[in-house]
Amino acid sequence: MKVNMNYKNIAQSYLFSTVAKKVNEFASKNPDKTIIKLGIGDVTLPLCEQVVNALKSASEEMGRQESFHGYGPEQGYEFLKSSLQGYYKEHGVNLENDEIFISDGAKSDLGNILDLFDKDNTVLVPDPVYPVYVDTNIMNGRKILYMNANQDNEFLPLPDENVKADIIYLCSPNNPTGAVYNKEQLKKWVDYANKNNAVILFDSAYECFITDENLPRSIYEIEGAKTCAIEFCSFSKMAGFTGTRCGWTIVPQDLVFDDMSLNKMWLRRQTTKFNGVSYIVQKGAQAVFTPEGKKQIQQNLEYYKENAKLISDVLTRHNIWHIGGKHSPYIWLKCPNNMKSWEFFDYLLENVQIVGTPGSGFGKNGEGYFRLTSFGSRENTQKAVERLDKFLG
Ligand code: PLP
């Protein structure tokens, strides 16, 4: 038996373990100091009432003979797919029902989709990057090319005709930088992919944070995207489903390469390897799209957005270069006085007891940058902002 030796090539990530170790050490030496964590990438507000009610009533249905559900359709129940069709229509995107696949989250499908592609494809990812895109391809033994995201291109790299890639990862609004592509920029990527017979894997997990109507929430708002892009999205950040698990993937019918329909291949893949998301969870997800559900999740999103604004405002007041925070829960800042990412981490922890995430943990271009998030409580965010204001002043 031979194991998959590609696993040897996956870089060990010490990012969050090192953060935790440093925080624990500081806390044990300074028991009188309160540490505020602004490094979290997980939501903190609970599920909204409308979702909880839907989960409860679906659970009760499962306990009655006449409304019990066994195995469901692997690609998702019609009721949730038609709610999503309506959601996309609000942004001017028309999808066929069979182009929508319900998943247990964006991360799973971002990894699973690679079943459809040959090992010899060249993969293009931005640096800094959400590590899942890199690690899942290394597990499969694929070659990865990096494109530089930096201050010069406002962390939004555009295609380079001299670089030939087959699989391109784009994430907008971006984790970790919070940068958002506009329609003209995305159109360049769509044109590049169509011209070069490449596929774009578009991660829109944070689309719900976009407030500017002119910014694209889906890649299918761009003409030509249905022949080159697969979109991954999630209820995680939109409705607090990180612990409940539900997302969706769009595979258009027009995605045909070498006479093979990616939509049919994905359906085959899912019906073979995936059992679908539970009826109860899909009912909870459907409740997100009811008028009351929409209002309630919006209140939670506004809460995070206000936190982001508080953080962004204090950085602006002290002339610290940053992006994100506007259409994203992430604020990406340049460490003052040319400090390195870990240096700034230690500096904040020791002086103001604020914990963030060193940008260097997301790739070489992240060195010298730092990520703060708006997922903390309002009280803690305000306290952190006061401390920063005093200290940076
Ligand atoms: N994509 C990005 C860019 C993320 O930051 C995350 C989670 O933090 C995910 C996908 C994962 O989403 P899910 O919870 O749906 O798996």
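Hey, got a sec? Which GluC sites (Glu not before Pro) in the range 1-110 land in a DSSP loop and have at most 11 other Cβ atoms within 10 Å?
Answer in residue order: 90.
Using the basic label-point model (7 angstrom from Cα toward the beta carbon), what is the residue 268 to residue 65 distance in nanometres?
Between residue 268 and residue 65, the simple spin-label model gives 4.2 nm.
Evaluate E = 1/(1 + (r/R0)^6) for residue 182 and residue 317, where r is the Cβ-Cβ distance and R0 equals 41 Å; express this FRET efficiency to the nearest 0.05.
0.95
Just the number, please: carbon plus sulfur as a percent of the accessible area of the chain, 1.4 Å probe, no ligands or DNA/RNA counted. Walk me through the numbers before you get to the answer.
Working: 8770 of 18060 Å².
For the chain, the apolar C and S fraction of the accessible surface comes to 49 percent.
With a 1.4 Å probe and all protein chains in place, put 260, 1 in order of accessible area, largest first.
1, 260
Measuring from label point to label point, each 7 Å out along Cα→Cβ, what is the residue 298 to residue 343 span in nm?
4.6 nm
Using θ = phi - 60° and the Karplus relation 6.51 cos²θ - 1.76 cosθ + 1.60, list the HN-Hα couplings for the range 371-383 in order, rounded to whole Hz, with x at every Gly or Pro.
10, 10, 10, 9, 7, x, 6, 4, 4, 5, 5, 4, 4
Starting from the 7 Å offset along Cα-to-Cβ, what nm value, one decimal, do you get for the label separation of residue 4 and residue 45?
3.7 nm
For the Cα atoms of the chain, what angle does the longest principal axis make with the long axis of helix 49-62, in degrees from 0 to 90, nearest 10?
Rounded to the nearest ten degrees, it is 40.
Could you state the angle between the C-alpha long axis of helix 262-273 and the longest principal axis of the C-alpha atoms of the chain, as a value from 0 to 90 degrees rounded to the nearest 10?
Helix 262-273 sits at roughly 90 degrees to that axis.
Percent antiparallel among DSSP beta bridges with both residues in the range 142-249, to the nearest 5?
The answer is about 25 percent antiparallel.
Using alpha carbons only, how many degrees (0 to 90, rounded to 10) separate the axis of helix 183-195 from the longest principal axis of the chain?
50 degrees
What longest range of the chain stays clear of loop-exposed chymotrypsin sites (Phe, Trp or Tyr not before Pro) (DSSP non-H/G/I/E/B, at most 11 other C-beta within 10 angstrom)?
Longest gap between qualifying sites, sites excluded: 72-393.
For the range 246-393, what does the relative contact order come out to in percent, with C-alpha contacts under 8 Å and a separation of six or more?
Worked out over the range 246-393, it gives 19 percent.
Each residue of the range 327-341 in turn: what ³J(HN,Hα) in whole Hz from Karplus with 6.51, -1.76, 1.60 and θ = phi - 60°, glycine and Pro shown as x?
10, 6, x, 9, 10, 10, 10, 8, 4, x, 6, 6, 5, 7, 4
Give me a comma-separated list of calculated 3J(HN,Hα) values for the range 155-165, in order, Karplus coefficients 6.51, -1.76, 1.60 applied at θ = phi - 60°, integers in Hz, x for any Gly or Pro.
Each residue's phi maps through the Karplus curve to give 6, 10, x, 10, x, 10, 4, 7, 9, 9, 10 Hz.
Assuming 0.36 nm per residue, please report the length gained on full extension of the stretch residue 32 to residue 256 beyond their Cα-Cα distance. Kindly include the intermediate steps, with their values, before the conclusion.
Numbers: separation 224, 0.36 × 224 = 80.64 nm, distance 6.14 nm.
Result: 74.5 nm gained on full extension.
Semi-axes of the equivalent ellipsoid for the range 15-72, please: Cα gyration tensor eigenvalues, times 5, square-rooted, ordered largest first, whole Å.
For the range 15-72, the ellipsoid semi-axes come out as 44, 14, 10 Å.
If you keep only loop residues by DSSP, which GluC sites (Glu not before Pro) in the range 175-250 have at most 16 other Cβ atoms within 10 Å of their Cβ?
On the way: sites: 184, 207, 213, 221, 223, 231; in loops: 213, 223.
In loop regions of the range 175-250 (DSSP not H, G, I, E or B), the sparsely surrounded GluC sites (Glu not before Pro) are 213, 223.
Is it possible to state the helix-based mean residue ellipticity at 222 nm for the chain, with each DSSP H run of 4+ residues giving -39500 (n - 2.57), the sum divided by total residues, to the nearest 500 deg cm²/dmol? What is it? Intermediate results must be reported in sequence, preceding the final value.
Working: 12 runs with 149 residues, N = 393.
Value at 222 nm, helices only: -12000 deg cm²/dmol.
Taking the chain as a Gaussian network, Cα atoms linked when under 10 Å apart, which of 162, 351, 300 shows the biggest mean-square fluctuation?
The residue that fluctuates most here is 162.
Would you please give the FRET efficiency between residue 367 and residue 57, computed as 1/(1 + (r/R0)^6) with r the Cβ-Cβ distance and R0 = 51 Å, to the nearest 0.05? Write out the running numbers ahead of the final one.
Working: r = 50 Å, r/R0 = 0.99.
About 0.50, to the nearest 0.05.
As a test, work out the antiparallel percent of DSSP beta bridges whose residues both lie in the chain, rounded to the nearest 5. Don't skip to the answer; put the middle values down first.
Working: 20 of 39 bridges.
Of those bridges, close to 50 percent are antiparallel.
Using alpha-carbon pairs under 8 Å, 6+ residues apart, how would you state the relative contact order of the range 227-277 in percent? Write down the numbers at each step before the final one.
On the way: 49 pairs, mean separation 15.0, N = 51.
Averaging sequence separation for qualifying contacts and normalising by length gives 29 percent for the range 227-277.
On a 25 Å Cα-Cα criterion, which of the cross-link pairs 29/334; 164/188; 107/340; 29/364 come out too long?
Listed pairs above 25 Å: 29/334; 107/340; 29/364.
Can you give me the C-alpha center-to-center distance between the range 323-359 and the range 114-186, rounded to a whole angstrom?
With the range 323-359 and the range 114-186 each reduced to a Cα centre, they are spaced 23 Å.
For the chain, what does the relative contact order come out to in percent, with C-alpha contacts under 8 Å and a separation of six or more?
Numbers: 730 pairs, mean separation 90.5, N = 393.
Averaging sequence separation for qualifying contacts and normalising by length gives 23 percent for the chain.
The values are calculated or read from the model by the stated rules, or taken from the named source; none is laboratory data. Since the structure is predicted, the reported quantities are computational estimates derived from the model, not experimental observations. Methodologically, a virtual Cβ is constructed for each residue, glycine included, from the backbone with ideal geometry; neighbour enumeration extends over all protein chains shown. Surface accessibility is based on the protein's heavy atoms, side chains included, excluding ligands, DNA and RNA. Shrake-Rupley method; radii C 1.70, N 1.55, O 1.52, S 1.80 Å.
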